[in-house]
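One structure below.
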Amino acid sequence: MSEIRLFVSTTEAMAEQVMHALSDLFGEEDYAIATQEMDESKGIWEASIYGPAEQEPEIAGRFGGLVEKSFPALKVEREVLPDIDWIAKSLEGLKPVRAGRFLVHGSHDRDKVRANDIGILIEAGQAFGTGHHGTTAGCLNMIGDVLKSRRVSNALDLGTGSGVLAIATRLMSRIPVVATDIDPVATRVATQNARLNGVNDGIHLATAPGFHHAIFREHGPFDLIIANILARPLMKLAPDLVRHLSDDGTVILSGILAGQRWKVISAYNGAGLKHRRTTWMNGWVTIELVR
Ligand code: SAH
């Protein structure tokens, strides 16, 4: 099912006003509403509402009515977001993606890796995670920052997909990494990708829904847990996830739309973690939490 984003493009102050008006209008309904800065040099902001594509006519009608009445100078625009189907479409020929020191690339772009880069080879394939999605890129950036600034001696990548985040973590830090996915296709692809990147020795893979597997007990607790899944499953997983985190551990969560972040953060506050920071990319957020 695809997601759509309906938005207006305006100043920061006006975007805030539109966001509040949207929150009043759509109040209790389960849509994500957010503002984000689109162009720093020009001071352009957007206020957006996200929803499932089949609800677009209804959302667009109500948003359009609001704008017409209260913000007549603005125009509602739309964008279809990349499918959150876990099986990625064919991404062949896509450009390499840079996120901090990491450069995620296909085999046709091996020569783009520069001396100081950590190159990650991921072929477009059947599992999610080529780096082109804002959530993967957000996680890669944050993994780079956390590994630079904190002592981390082991890591878990829950919902590994193509294995991209586990591979990045292992390549940068040489620590042991556990990577799991609910989908056996993903685990198989991740195993191949780990081998292609020469890190299959350091990454332990398993197919498991959530934390239902002995691998977590055998290798945990973890100093760093990364989970790029989606807001709802992440909220459900909060108690289990925190149980597998070491005493001064760090958690990186993504797959969360901007407007859903407070719900996710409060679920993890309830499980004993503190919010450290949130980064934004294309309407998606990546959240860092600590004990
Ligand atoms: N880590 C990759 C892939 C993210 S896509 C990246 O950042 O790009 C999310 C992955 O989580 C999918 O491969 C999906 O199969 C997996 N997943 C979804 N729910 C899960 C659950 N409850 N337990 C484990 N994995 C799950």
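The values are calculated or read from the model by the stated rules, or taken from the named source; none is laboratory data. Since the structure is predicted, the reported quantities are computational estimates derived from the model, not experimental observations. Note: ideal-geometry Cβ built from the backbone for every residue, glycine included; neighbour counts use all protein chains shown. For the accessible areas, the whole protein counts, side chains as well, though only heavy atoms, and no ligand, DNA or RNA atoms are used. Shrake-Rupley method; radii C 1.70, N 1.55, O 1.52, S 1.80 Å.
In this label model, Ala73 and Arg151 are separated by 5.6 nm, measuring between points 7 Å along each Cα→Cβ vector.
Overall, the anisotropy analysis places segment 173-230 in the oblate class: the square-rooted eigenvalues a ≥ b ≥ c of its C-alpha gyration tensor yield a/c not less than 1.5, with a/b not exceeding b/c. Amide H contacts for Ser9 (H built 1.01 Å from N in the peptide plane; partners 5 or more residues away or on another chain; cut-off under 5 Å): Lys75.
Once C-alpha pairs closer than 8 Å and six or more residues apart are averaged by separation and normalised to the residue number of segment 128-290, the relative contact order reads 23 percent.
Computed from phi, the 3J(HN,Hα) profile of segment 156-162 under the Karplus parametrisation 6.51, -1.76, 1.60 (θ = phi - 60°) reads 10, 10, 8, x, 6, x, 6 Hz, with x in place of Gly and Pro.
For Val251, the solvent-accessible surface with a 1.4 Å probe is about 0 Å², rounded to the nearest 10.
Taken along the Cα-to-beta-carbon direction at a fixed 7 Å, the label points for Lys112 and Lys263 span 3.5 nm.
Converting phi to 3J(HN,Hα) with the Karplus coefficients 6.51, -1.76 and 1.60 and the offset θ = phi - 60°, segment 245-258 yields 9, 6, 4, 10, x, 10, 10, 10, 10, 8, x, 10, 6, 3 Hz in sequence order, with x at every glycine or proline. Dipole size of segment 153-291 about its Cα centre, with +1 on Lys/Arg Cβ and -1 on Asp/Glu Cβ: approximately 340 debye, rounded to the nearest 20. The three principal axes of the Cα atoms in the chain give end-to-end lengths of 61, 44, 34 Å, sorted in falling order.
Taking amide H positions as placed 1.01 Å from N in the peptide plane, with prolines and chain starts having none, which residues 5 or more places from Ile44, or on another chain, fall under 5 Å of its amide H? Placed amide hydrogens put Met38, Asp39 under 5 Å from Ile44.
Placing Thr207, Thr278, Thr136 in order of accessible area, with the largest value first and a 1.4 Å probe, yields Thr207, Thr278, Thr136. Protein heavy-atom accessible surface, 1.4 Å probe, per residue over segment 142-185: 34 Å². Largest first, the residues Tyr268, Tyr31 sort by 1.4 Å accessible area into Tyr31, Tyr268. Given a 1.4 Å probe and the protein chains as shown, Trp284 ends up with an accessible area of around 10 Å². Working from label points 7 Å from Cα in the Cα-to-Cβ sense, the Lys236 to Ala13 distance is 4.5 nm. Name all residues of segment 1-28 having a backbone nitrogen under 14 Å from the label point set 7 Å from the Cα of Asp39 along its Cα→Cβ direction, giving them as ranges. Under cut-off, by backbone N: 9-12. Take every Cα pair under 8 Å whose residues are at least 6 apart in sequence, average their separation, divide by the length of the chain, and the relative contact order is 14 percent. Carbon-plus-sulfur accessible fraction, the chain (probe radius 1.4 Å, protein heavy atoms only): 51%. Our coupling estimate for segment 97-107, obtained by passing each phi through the Karplus curve with A = 6.51, B = -1.76, C = 1.60 and θ = phi - 60°, is 10, 9, 9, x, 7, 7, 10, 8, 8, x, 5 Hz, Gly and Pro reported as x. Ligands, DNA and RNA aside, Lys274 has an accessible area near 120 Å² when probed at 1.4 Å.
Say a paramagnetic label sat at a point 7 Å from the Cα of Ser246, along Cα to Cβ; which residues of segment 270-291 have their backbone N under 16 Å from it? Answer for this model: 290-291.
The residue list Gly283, Leu234, Val104 was ranked by how far each Cα lies along the charge dipole of the chain toward its positive end, using unit charges on Cβ atoms, and Val104 comes out on top. Ligands, DNA and RNA are left out, and with a 1.4 angstrom probe the accessible area of segment 3-81 is 53 Å² per residue.
Roughly how many debye, to the nearest 20, is the charge dipole of the chain about its Cα centre, given +1 on each Lys and Arg Cβ, -1 on each Asp and Glu Cβ, and no other charges?
Values: 30 positive and 35 negative charges, 214 e Å.
Its charge dipole is roughly 1020 debye.
With the cut-off at 1.5 for a/c, could you classify segment 109-263 from its C-alpha gyration tensor as rounded, prolate or oblate? Write down the numbers at each step before the final one.
Details: a/c = 1.32, a/b = 1.29, b/c = 1.02.
Verdict is rounded for segment 109-263.
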